[in-house]
Amino acid sequence: MRRRAIGVVLGHTRSVRDDPATHGPIRLVDVVVAGHRGDVETVLGAVGSDDPRLREVALGALARAGALEAATVERALREDPDPAVRRRACDLAALFQLSGPLLAAVRAALADPDALVVEAACWALGESSSAPVDELMSTARSHADARAREAAVAAIGSIGDPRGLPAVLDALEDRPTVRRRAVVALAAFDGEEVRAALRRGAADRDWQVREVAEILLELGDAIVE
C-alpha cells in the first residue's frame, strides 16, 4: 500500500502497455519526453491508457512528434469519456483542415455536456473556413454557460461571415465578458448597423467594452477621412 501511494505521488500511472525502453509503467514525463524526441512508439503506448492524464498528454505528444492523425483526434472527440481529453482533442483539431468526419466530430462537440469542451470546439471552428455559422450562432445565443457563448461569438468574429452578425449584436446585451468579446468581433463587420452598435457600446457600463468601441469608432472615422 505504501509503495502504491509513493507511486501516485511521483506521478506513476497505469497504461495499456509498458515503456519499451524500461519495461516499466509509462509515466507522464515519459510521454512528454518521447514527444520531443519523436519516439512515436512510446507515445502510442499512452494513447489507450486508462489514465485520462496520459491520454491527454499523448495527443499533444503525437502532434509534437508530427505523428498525430485526424482519425485519432476524431476518435478522442467522439469516444473519450474524459472532458479534459476531449478539450485537448478540440484544440488539436485546429491543426487540420476541418472537413469530413473530423469536422462532424468538432461540430458535435458544440453539444458536449462539458462547457469547456464546447468552448474549445468554438475556438477550433473559428479557425475553419467551413465552420457551421448557424450552429455557432445558436451556441452564442442560447448556451447556458457564458464561456461557451463568449467563445462562439469570438469564432463568429474570426470567420467574419455576415450571416453571423445578428448573433454578435445580440451578444452585446449579454454579461460583460461576452459583451467584451462581441464588441471586438464587430471589427470583422461593417455597415451602419455595426456603427450604431459601436456607438451604443461606447456608452456601455463596462469600461473595457467602452474602450474597444471607441477605438473602433475612431478607426472607422479615420478610414472614412
Exercise for review: Grab the beta carbon distance between V40 and D145, set R0 = 41 Å, and tell me the FRET efficiency rounded to 0.05.
Suggested key: 0.65
**Study point:** Phi-based couplings in Hz for segment 166-173 (Karplus 6.51, -1.76, 1.60; Gly and Pro marked x)
**Key:** x, 5, 5, 5, 4, 5, 5, 9
Practice item. Report the charge-dipole magnitude of the chain in Debye, nearest 20, computed about the Cα centre from +1 at each Lys and Arg Cβ and -1 at each Asp and Glu Cβ. Key: 960 debye
Check your understanding: Using Cα atoms only, what is the angle between the long axis of helix 176-185 and the major principal axis of the chain, expressed in degrees (0 to 90) to the nearest 10?
Key -> 80 degrees
Practice item. Which order do the peptides 57-66, 187-196, 159-168 take when ranked by the mean count of other beta-carbon atoms within 10 Å per residue, highest first? Key: 57-66, 159-168, 187-196
Point to revise | Two-site FRET efficiency, D82 against W207, from Cβ-Cβ distance with R₀ of 41 Å, rounded to 0.05 | key: 0.60
Review point. Assuming a viscosity of 0.692 mPa s and a temperature of 37 °C, what translational diffusion coefficient in µm² per second does Stokes-Einstein assign to the chain, Rh being the Kirkwood radius over Cα pairs?
Key: 170 µm²/s
Check your understanding: Please state the relative contact order of the chain as a whole percent: Cα pairs under 8 Å, 6+ residues apart?
Key -> 10 percent
Study note, to complete from the structure: Farthest towards the positive end of the dipole of the chain, among A71, A188, T177 and with Cβ unit charges of +1 on Lys and Arg and -1 on Asp and Glu, lies the Cα of A71
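Per 0.36 nm of contour for each residue apart, how much would the distance between E173 and E69 grow if the chain were fully extended, relative to their Cα-Cα spacing?
Values: separation 104, 0.36 × 104 = 37.44 nm, distance 4.06 nm.
Contour length minus Cα-Cα distance gives 33.4 nm.
Does segment 134-225 come out rounded, prolate or oblate by the C-alpha gyration tensor, with a ≥ b ≥ c the root eigenvalues, rounded set by a/c under 1.5 and, if not, prolate when a/b is larger than b/c and oblate if not?
Oblate.
Since every read-out is calculated from the coordinates, none of them should be taken as a lab result. No experiment lies behind these values; they were computed from the predicted model shown. All Cβ positions, glycine included, derive from the backbone under ideal geometry; neighbour counts span all protein chains shown.
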